[in-house]
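Chemist: Once you've had a glance at the structure underneath, I'll fire off some questions.
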Amino acid sequence: MRPIPIPEDRHFRPRLIGYDPQKSRPWLERTVYAAYVFVFWLIVIATYAGVPALFGALGWDGGWGFVLMRVLQVVLLFLLSAVIALLLILVLRKYLGKVQERFGPMHYGPAGGIQTVFDALKLLAKEDFVPAAADALTFRLAPAVTFVASFAMFAVIPFASGWVLADTNVGLIYLIAVSTLSAYGVLLGGVSSGNKWALIGALRAGAQMVSYEIPLALVFLTVAVWSGTLRLGGIVDAQLGLWNFLPLALPFVLYVIASLAELKHIPFDFPEAESELIAGYNVEYSGMSFAFFFLAEFVELFLLPALIVVFFFGGWHGPLFGIEPGSLAAGALESLYFTLKTAVWVWIFLWIRATLPRYRDDQLMEFAWKAMIPLALFGLVLAAYMRLIWR
Amino acid sequence: MSTMNLEPVPGRTDEMIVNMGPQHPATHGVLRVVLGLEGERITRAVPHIGYLHRNHEKIEEARTYPMVIAYTDRMDYVSGTQNELPFVLAVEDMLGVEVPDRAKKIRTIFFELYRLASHLVWMGTAMLDLGAISPFLYTFWDREIILGIVEKTAGARMLPNYYTFGGVRRDVHPDFFKDVADFLDHMERRMVDYEHLVLESPVVHARTKGVGVLDQERAVARGVSGPVLRASGVAYDVRKAFPYDAYPDVEFEIPTSPDGDTYARFWVRFQEMYQSIRILRQLLELTPKTGPYKGRAPARLKPPAGERYRAVENSRGELGVLVVSDGSDKPYRVKHRGAAFSNLQIIPDLFVGAKFSDAIAILSSLDPVFGEIDR
Amino acid sequence: MSLLQEVWQAVKAIGTGMATVHKRVYEEAPTEFYPYVKPELPPVSVQSLALVENEDGSERCIVCLQCERACPAQVITIERHRNPEGKGFLIDRFDIDLVNCMYCAACVEACPVSSIVTIQDFEMSTYDLQTLKADIDFLHEQARRARQWYSPKFGVELRTDDGRIEKAPPEMQPGGLAEILKPAEEVDS
Amino acid sequence: MGLLGSDERPRDVILGTLDDLINMARSRSMWPLTFGIACCAIEMMATWDPKIDADRFGMFFRNTPRQADVMIVSGTVNKKLAKRLRRLYDQMAEPKWVISMGACANQGGPFRQGYSVVEGVDKIVPVDVYIPGCPPRPEALLQALLLLRDKIADRELRYKKPREIPADYDVMAEPGKDGRLPVL
């Protein structure tokens, strides 16, 4: 009786590459997130403290030197938005994985930490396609418009006391103007694609914009009335004793709902409505153009929670442990507080995204016109009276 | 106007003809619906089928009787063994095969397990169509448990080719009854979560209540069956009307709803899942642990010439089969009556006048499966 | 009042839904880590087909053509000739077209000597379809590599480490419950 | 052959490394197209469920062909569907890959004798990886996706002209009068 030889494997087997993949390691994941946040923090410090200090030391803080400084700061902020997008996409996928009893990206890089970098590189190298039916110039321009509109909001966001690019006294009005622009990018992209689904998505975006922008502006007005200033730094400073979300509870709730709509975020993601319009306004976009829409979406997912923190949760305020306000250390600490408060709100938005289905588009409009606008007006009047009585 | 192709109406500029499918995330396969859209409102709708036509009935005429069972599996591919049963019952009737009691009960357990699996897939995909991501993943994990139980006994996950003339192909795995009991405990816990995520969600209420109302008369006239019919208030269920296998031995109710809207169809499917759990609990008590699993079928399967129609209530409604025999070992004709096919006929009725988003919700509440529709 | 109640109900329902979703963060994920950990499939699982030889290396198949006749997808091709020394037949060709096979295990049901069996090797993806046109050597190789297989006649069989073939314990067999429960019944009576 | 290896053309150190990086990124970020056809589509969805979770490898579905990298042909393709399938493939942006899932897509499977079924999707689009099975397990699909990953990462000739694509229009129903595919 001869022993039966076990033959060589004739099948193809995938390579087992990956970084000790057989269990989830929460500490490693947290380290990855912390590393991203640390890079984010460093860039913020470099932008708002490092670059001005450098230029001040060189004596270049006037004329063209000032312009150069601002350019450098904007470049750093662009880097910052890339870090934000890479981190938030990773966190979104990991968090969705967690609540769905699975893992999300975990094999490429430590705990899947560089998955989104691979995604970005791939999109960079993918064919960027302009359909024959599209209006080429507008089609190319639309992602840039969307991205620039959300990126321009960085100008007035105060990361710490005095850490803001343009500490203008019309910050709120600037925000209203700029945040509306991102819907224009969506409109342009959808209409110029030459695709019916994209057209429907663009029309939905337009209809959605005219309904939620009004309560949003009314809430801005309420905050301005309550704080007595249009400057974002002033709004934060006015909250030293009491964070605004308590006295302005009603505008706060309305603001959260309206920012969900502005983000095109579930339950109001009608322009993109994956299961209805295939991909909505970006149905014809591929490669880098699509990546810019993606980038804009996730930069907004950072900026709108950041505005919630600025308006209602005391911005950068937090215990300073005796550090002298205005110093570099205080600024660094304050910007960290700001980042962490924003992170909580980003998490709440992601949580909503993981749970809720989508409303119908006319239901948002009905809600906005019939409930949100009257309530926002009521909140405005109430805030004005409260200010008259208490301040 | 031709019924097949939607031509733009001359002089009408406010209507846009949109082609939904065959590749569209919400069409559950390869349905194509040509829609006339006036803004968001649907003015005309023409469904096109046939993108998955693979000549089931013709191929089955060229196969012997046992071979046909393997092909019937591939029709309603979400409900697995449920498709095999009407054909098996019809041929058993023609041959006069005696089926042991235990075999009947095992068959019914599998039947109800697949009903749960199918409704879970429906729930996940319907919620995905409405925009919620998480329920899809939860339901697919529960379905994996069912498929694991099935695979342990039947040898395949989705299309097991398990029923045979006179019973089932092989006896159950020793862990089978314990696995099913464990799964039912698990499922009862999960149903509470699904109630929270689906039936009680205000967003689902807003999207589905009063949307796509199918009244009782039209439901009967269009020949729909299954949960879609019962959601319109007609208490017709083949399991009660023409009982087969072990259904006479178990107690269960037929949930009906008078509303006929999309939410009612959601609700009825939910209640059916509770009834399936109830039936399975009873069957676990009733089924003997050991015993015969297969009756004595003749070695050469040549039913006498004649014809036979048998129907079962599968996850989508009345699934029937007409077998015509000419006395040879191959069927002369096999005609399937698919529930999903009949249910799909109400698409133009319900779509016209609805919003485009509503159309997605209506389509997901019909739960079509294109293997069975196109055959 | 009723409007306020409605709003409260909606807020409560959304909160309950969000809590339901968040609860999962604390539960253990059932993920299997497939390419790093191979799933343990039940022994009756039909993932591929194989042709088992006897322990001494002789052919188990008697070339009766039952499997070829039973196959619904008609993927089995067998050619044979009469054994010149002794009775029975010898195999000239035994091909299974695993590309078109529908994995219904009808051939396994039909086999009178349990030569053709189902195995659990599902990792058959390939860059080239020709690797899936299984000839008799391929089918033998599949069987030699397999640790367990199933056929209705002999039930689940295991290959031990020293190359012998033995019947699996009743816990793995379909219908093994009868054997497991029998001693208990005897104790009762 | 020394430092340069046995390649036909000498490898550029900088561009070669960049190519490696891009191929690595492409292989690790394959987004399939949501295109379920038949039975295999259910198992395709199950590949993303908690038990298998192909998202671990950075793969998730994109609904529009423009943004997808991999087309998983999951089911029987008949002559009515063939031209739509081809059109979807043409709509995908380069680079793109195709996985043929299941017996029907590979060669028609149990339905290959039917009058309407295309015997093998490789008559319409170029296929990179084939999966046998009816339907294949989710693990088998994941294996095929990982084989495709290895294939992309290993591609020796980094830049080459678009692949020659066999377009067997005979298998599709009725091309137009000019011999080209009808536009939907």
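Chemist: Of the listed pairs B:Lys330/D:Lys123; B:Lys104/B:Lys330; A:Lys98/B:Lys152; B:Lys105/B:Lys178, which have alpha-carbon separations greater than 23 Å here? Intermediate results must be reported in sequence, preceding the final value.
Modeler: Values: B:Lys330/D:Lys123 33 Å; B:Lys104/B:Lys330 25 Å; A:Lys98/B:Lys152 29 Å; B:Lys105/B:Lys178 16 Å.
In this structure, B:Lys330/D:Lys123; B:Lys104/B:Lys330; A:Lys98/B:Lys152 exceed 23 Å between Cα atoms.
Chemist: Search the structure for amide H atoms under 5 Å from the amide H of D:Val77, placed 1.01 Å from N in the peptide plane, and list their residues when 5 or more places away or on another chain.
Modeler: Correct list: D:Val118.
Chemist: So what does log10 I(q)/I(0) come out to for the range B:119-253 at q = 0.20 Å⁻¹, using the Debye formula with one equal point on every Cα and no solvent?
Modeler: Reported log10 I(q)/I(0), two decimals: -1.32.
Chemist: For a quick protection proxy, order the peptides C:39-48, A:371-380 by their average other-Cβ count within 10 Å, most packed first. Show your work: numbers first, answer last.
Modeler: On the way: C:39-48: 21.6, A:371-380: 18.7.
Top of the packing list down: C:39-48, A:371-380.
Chemist: Another question, then. Does the range C:48-175 classify as rounded, prolate or oblate by the C-alpha gyration tensor (a ≥ b ≥ c root eigenvalues; a/c under 1.5 gives rounded; else a/b over b/c gives prolate, otherwise oblate)? Mind showing how you got there, number by number?
Modeler: Details: a/c = 1.44, a/b = 1.09, b/c = 1.32.
In terms of gyration-tensor shape, rounded.
Chemist: Please tell me the relative contact order of the range B:7-156 in percent, rounded to the nearest whole number, where contacts are Cα pairs under 8 Å and at least six residues apart.
Modeler: Details: 141 pairs, mean separation 18.7, N = 150.
Reported as a whole number, the value is 12 percent.
Chemist: Applying 1/(1 + (r/R0)^6) with R0 = 35 Å to the Cβ-Cβ distance of B:Glu188 and C:Ser2, what FRET efficiency is obtained, to the nearest 0.05? All intermediate terms of the calculation are to be shown ahead of the outcome.
Modeler: On the way: r = 33 Å, r/R0 = 0.95.
Using R0 = 35 Å, I get an efficiency of 0.55.
Chemist: Ok, one more. Using a/c under 1.5 as the rounded threshold, could you call the range B:253-375 rounded, prolate or oblate? The axes a ≥ b ≥ c are square roots of the C-alpha gyration tensor eigenvalues, and prolate needs a/b larger than b/c, oblate otherwise. Please report the intermediate quantities before stating the final value.
Modeler: Details: a/c = 3.53, a/b = 1.44, b/c = 2.46.
Oblate, since a/c reaches 1.5 and b/c is not below a/b.
Chemist: For B:Tyr332, which sequence-distant residues (separation of 5 or more, or a different chain) have an amide H within less than 5 Å of its own amide H, given hydrogens modelled in the peptide plane?
Modeler: The list, which skips near neighbours in sequence, is B:Val324, B:Ser325, B:Asp326.
Chemist: Please turn the phi angles of the range B:159-174 into ³J(HN,Hα) values with the Karplus equation 6.51 cos²θ - 1.76 cosθ + 1.60 (θ = phi - 60°), one per residue in order, whole Hz, x for glycine and proline.
Modeler: Here the 3J(HN,Hα) series is 10, x, 6, 9, 6, 8, 5, x, x, 10, 5, 9, 5, 6, 5, x Hz.
Chemist: Principal axis extents for the range A:15-125, Cα atoms only, whole Å, descending order, please.
Modeler: 57, 32, 25
Chemist: Taking amide H positions as placed 1.01 Å from N in the peptide plane, with prolines and chain starts having none, which residues 5 or more places from B:Val369, or on another chain, fall under 5 Å of its amide H?
Modeler: Amide H neighbours of B:Val369, under 5 Å, 5+ apart: none.
Chemist: Within 10 Å of each Cβ of A:343-352, how many other protein chain Cβ atoms are there on average?
Modeler: Working: counts 0, 0, 0, 0, 0, 1, 0, 0, 4, 4.
Counting other chains' Cβ atoms within 10 Å and averaging over A:343-352 gives 1.
Chemist: Output wanted: per-residue J couplings in Hz (rounded whole) for the range A:94-105, from phi through Karplus 6.51 cos²θ - 1.76 cosθ + 1.60, θ = phi - 60°, x for Gly and Pro.
Modeler: Each residue of the range A:94-105 in turn: 5, 5, 4, x, 4, 6, 9, 6, 9, 10, x, x Hz.
Chemist: Further, regarding this structure: Can you list the HN-Hα couplings for the range D:39-48, worked out from phi with the Karplus curve (6.51, -1.76, 1.60; θ = phi - 60°), rounded to whole Hz and with x for Gly and Pro?
Modeler: Karplus-based 3J(HN,Hα) across the range D:39-48 equals 3, 4, 5, 5, 5, 5, 5, 5, 5, 9 Hz.
Chemist: If you don't mind, there's one more thing I want to ask. For the range A:254-296 and the range A:325-376, what is the centre-to-centre distance using only Cα atoms, to the nearest Å?
Modeler: Cα centroid of the range A:254-296 versus Cα centroid of the range A:325-376: 16 Å apart.
Chemist: Evaluate peptide D:26-39: per residue, the Cβ atoms of other protein chains within 10 Å of its Cβ; return the mean as an integer.
Modeler: Values: counts 5, 3, 12, 12, 1, 3, 0, 1, 7, 6, 8, 8, 11, 11.
Across the residues of D:26-39, the mean count of other-chain Cβ atoms within 10 Å is 6.
Chemist: Oh, and also: Sort all Cα-Cα distances of the range A:43-196 into consecutive 10 angstrom bins from zero, then give the percent of pairs in each bin up to the one containing the longest distance.
Modeler: Calculated P(r), rounded to whole percents: 9, 25, 30, 27, 8, 1.
Chemist: I'd like the distance between the alpha-carbon centres of the range D:110-151 and the range B:114-189, rounded to an integer number of Å.
Modeler: So the separation of the two Cα centres works out to 25 Å.
Chemist: Of the accessible area of the protein assembly as shown, with the probe set at 1.4 angstrom, what percent is carbon plus sulfur? Before the final figure, lay out the partial values.
Modeler: Values: 25560 of 42140 Å².
Answer for the protein assembly as shown is 61 percent, counting heavy atoms of protein chains only.
Chemist: Continuing with this model, one more query. With viscosity set to 1.306 mPa s and temperature to 10 °C, compute the Stokes-Einstein D of chain A, Rh being the Kirkwood radius across alpha carbon pairs; µm²/s, no decimals.
Modeler: Details: Rh = 22.8 Å.
The Stokes-Einstein estimate is 70 µm²/s.
Chemist: Could you sort D:64-73, C:76-85, A:140-149 so that the peptide with the highest average Cβ count within 10 Å comes first and the rest follow in order? Please list the in-between numbers first.
Modeler: Working: D:64-73: 25.6, C:76-85: 12.6, A:140-149: 20.9.
Output ranking for D:64-73, C:76-85, A:140-149: D:64-73, A:140-149, C:76-85.
Chemist: Which FRET efficiency value, to the nearest 0.05, do you get for B:Tyr274 and B:Lys209 by plugging their Cβ-Cβ distance into 1/(1 + (r/R0)^6) with R0 = 22 Å?
Modeler: On the way: r = 21 Å, r/R0 = 0.95.
The pair B:Tyr274/B:Lys209 has a calculated efficiency of 0.60.
Chemist: Anything losing 10 Å² or more of accessible area from the isolated chain to the full protein assembly: pick those residues out of the range B:178-215, probe 1.4 Å, ligands and DNA/RNA ignored.
Modeler: Correct list: B:Arg190, B:Asp193, B:His196, B:Leu197, B:Glu200, B:Ser201, B:Pro202, B:Val203, B:Ala206, B:Arg207.
Chemist: Find the sum over both chains of the accessible area lost when B and A are paired, probe 1.4 Å, and report it in Å² to the nearest 100. Intermediate results must be reported in sequence, preceding the final value.
Modeler: Details: alone 15010 and 19470 Å², together 31950 Å².
Separately minus together, B and A give about 2500 Å² buried.
Chemist: Keeping every protein chain present and rolling a 1.4 Å probe, give me the accessible area per residue for the protein assembly as shown in Å².
Modeler: Dividing the accessible area of the protein assembly as shown by its residue count gives 37 Å².
Chemist: Quick one: divide the alpha-carbon radius of gyration of the protein assembly as shown by 2.2 N^0.38 Å and tell me what you get.
Modeler: That works out to 1.00 for the protein assembly as shown.
Chemist: Now for a different question. Top mean-square fluctuation among B:Glu272, B:Glu144, B:Glu318, Gaussian network model of chain B, C-alpha springs under 10 Å?
Modeler: For chain B, modelled as a Gaussian network with Cα springs under 10 Å, the answer is B:Glu144.
Chemist: Next question, about the same structure. Kindly compute the accessible surface that chains D and C hide from a 1.4 Å probe when together, both sides summed, and give it to the nearest 100 Å². Could the numbers behind the result be given before it?
Modeler: Working: alone 11050 and 12900 Å², together 21470 Å².
Chain pair D/C: roughly 2500 Å² of buried accessible area.
Chemist: Can you tell me the relative contact order of chain B? Whole percent, Cα pairs under 8 Å, sequence separation 6 or more. Don't skip to the end; give the middle numbers.
Modeler: On the way: 707 pairs, mean separation 97.6, N = 375.
With pairs under 8 Å counted, the relative contact order is 26 percent.
Chemist: I'd like to compare A:25-32, B:112-119, A:326-333: which one has the highest average count of other Cβ atoms within 10 Å, and what's the full order after that?
Modeler: Numbers: A:25-32: 14.2, B:112-119: 25.0, A:326-333: 15.8.
So the order, starting with the most tightly packed, is B:112-119, A:326-333, A:25-32.
Chemist: Specify whether the C-alpha gyration tensor of the range B:56-374 places it in the rounded, prolate or oblate class, a ≥ b ≥ c being the square roots of the eigenvalues: rounded for a/c under 1.5, otherwise prolate if a/b is larger than b/c and oblate if not.
Modeler: Numbers: a/c = 2.02, a/b = 1.37, b/c = 1.47.
Oblate.
Chemist: Sticking with this structure for a sec: Any residues in the range A:233-282 that have 40 Å² or more less accessible area with all protein chains than in their chain alone, probe 1.4 Å, and which are they?
Modeler: A:Glu274, A:Ser275, A:Glu276, A:Ile278
Chemist: Here's another thing I want to ask about it. Quote the relative contact order of chain C in percent (integer), defining contacts as alpha-carbon pairs under 8 Å separated by 6+ residues. List each step's numbers first, then the result.
Modeler: Details: 254 pairs, mean separation 39.0, N = 189.
Once normalised by length, the contact order is 21 percent.
Chemist: Among the residues of the range C:21-39, which ones have their accessible area go down by 30 Å² or more when all the protein chains sit together, as opposed to their chain alone (1.4 Å probe)?
Modeler: C:Val21, C:His22, C:Arg24, C:Val25, C:Ala29, C:Pro30, C:Thr31, C:Glu32, C:Phe33, C:Tyr34, C:Pro35, C:Tyr36
Chemist: Do any cysteines of the protein assembly as shown lack a neighbour Cys whose Cβ is under 4.7 Å away, and which are they?
Modeler: Taking the Cβ cut-off of 4.7 Å, the unpaired cysteines of the protein assembly as shown are C:Cys61, C:Cys64, C:Cys71, C:Cys101, C:Cys104, C:Cys111, D:Cys39, D:Cys40, D:Cys104, D:Cys134.
Chemist: Whole angstrom only: what separates the Cα centroid of the range D:17-88 from the Cα centroid of the range B:275-321?
Modeler: Comparing the Cα centres of the range D:17-88 and the range B:275-321, I get a distance of 38 Å.
Chemist: Calculate the mean, over all residues of peptide D:92-101, of how many other protein chain Cβ atoms lie within 10 angstrom of the residue's Cβ.
Modeler: Working: counts 3, 8, 6, 4, 2, 0, 0, 1, 3, 1.
Mean shielding count: 3.
The values are calculated or read from the model by the stated rules, or taken from the named source; none is laboratory data. These numbers were taken from a predicted model, which means no experiment stands behind them. FYI the Cβ positions are ideal-geometry reconstructions off the backbone, even for glycines, and counts take in every protein chain you see. What goes into the accessible areas is simple: the full protein's heavy atoms, side chains included, and nothing from ligands, DNA or RNA. Shrake-Rupley method; radii C 1.70, N 1.55, O 1.52, S 1.80 Å.
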